[in-house]
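A quick write-up on the structure given underneath.
The values are calculated or read from the model by the stated rules, or taken from the named source; none is laboratory data. Just so it is clear, the structure is predicted and the values come from calculations on it, not from any experiment. No Cβ is skipped: glycine too gets one built from the backbone with ideal geometry, and neighbour counts run over all protein chains shown. SASA here: full protein model, heavy atoms, side chains in, ligands and nucleic acids out. Shrake-Rupley method; radii C 1.70, N 1.55, O 1.52, S 1.80 Å.
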Amino acid sequence: TSQVSVIMAERKAVNKYYPPEWTPSMGSINKYRGQHPLRERAKKIDQGILVVRFEMPYNIWCDGCKAHIGKGVRYNAEKKQDGKYFSTKIWVFRMKCHLCDNYMEIKTDPEKCDFTVVSGATRKVETWDAEDSETIKLGSEEDHQKLDDPFYKLEHEKEDQRKAADSAPRIVQLKNVMDSRKNDYALSQNMRKKFRETKKVLELEKIENEKRGIFIPLLPPTEEDRIEAEKMFQKPTTLSFGLPVKKEAAALTKKRVLEIKSASIFGVESKEAKLRKLLQESKIDRSLLWSGDAKRAKGRAI
């Protein structure tokens, strides 16, 4: 007996306790204890009521507290039968609102394959519009009813046949295009050939760039790049002062260095003060400089 109980315990985690005074002639253990197998769920089973877990089929408003109860909220509901629709039973579910003491009743509607609110709540009306949801509307109810009419159906078939005949040349053209691309081997061969040609060009460009000291891939040159390059490599003979390029560049550099040295660390000096210091340090004749004769001013010092 102990071995049998151990095996049964391994097979089923929850075992029922049978007291020593129980015998099989007394019936099941529930009958012996005077209780229903469903325990508290069947406390009103004599009235035909069974407590089940009910899930709200749609959004409703509670009539007691006016609170919104969303679709999918679950309740412990009392389930009982309320007539039949042909051979299908109609069930009524009675539950208490979790926010107030109001009771709600909802019953099945086999005729419309839906649920109907009997009392205690109001169903939230939710209309659906194809334009608001940005979906395609698959015909109206009137069109669906017309399709049941044999004459309307015959006219539709004739119209569809006419449209098919009009679009036949286009269909043939599309079919020819698809047939031309049906050979997977030829498509793969053309693609690989184009890839090999492109790869050779890129390798030649890489060799040429490495010879020039360029070790990064470059984009193909454009007309705008050519114009900008010409501007960069132009060699002007003279600048604004009429001096040669190298000499005037040196003069400008020297001027910039003197400006930096003569600048005050406590504030910004005026342009006149900077020019005065520049003339004083460079010892260039002021009269010759303002006359614009840069050649005569070259090298002349006081």
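Kindly flag which residue pairs out of K112/K146; K182/K206; K31/K80; K43/K107; K80/K124 have an alpha-carbon separation exceeding 32 Å in this structure. Let's see the in-between values first.
Numbers: K112/K146 22 Å; K182/K206 37 Å; K31/K80 24 Å; K43/K107 21 Å; K80/K124 25 Å.
Listed pairs above 32 Å: K182/K206.
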Query raised in the report: In bins 5 Å wide, starting from 0, what share of all Cα pairs of segment 32-136 does each bin hold, as a percent?
Result: 2, 11, 18, 19, 16, 14, 8, 6, 3, 2, 1, 0, 0
Query raised in the report: In segment 25-102, carbon and sulfur make up what percent of the accessible area (probe 1.4 Å)?
Result: 48
**Report entry** Label-point gap, in nm, between R162 and N209 - each point 7 angstrom along Cα→Cβ
**Finding:** 6.3
Query - In Å², nearest 10: area of Y58 left accessible to a 1.4 Å probe - result: 20
Query - ³J(HN,Hα) computed for each position of segment 110-115 - Karplus, 6.51 cos²θ - 1.76 cosθ + 1.60, integer Hz, glycine/proline x - result: x, 5, 9, 6, 8, 10
Query raised in the report: What spacing in nm lies between the two simple spin-label points modelled at L187 and N76, each 7 Å away from Cα in the Cβ direction?
Result: 6.4
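For E40 and E126, calculate 0.36 nm times their separation in residues minus their Cα-Cα distance, and state this gained length in nm to one decimal. Working shown, then result.
On the way: separation 86, 0.36 × 86 = 30.96 nm, distance 3.73 nm.
The span from E40 to E126 would gain 27.2 nm if fully extended.
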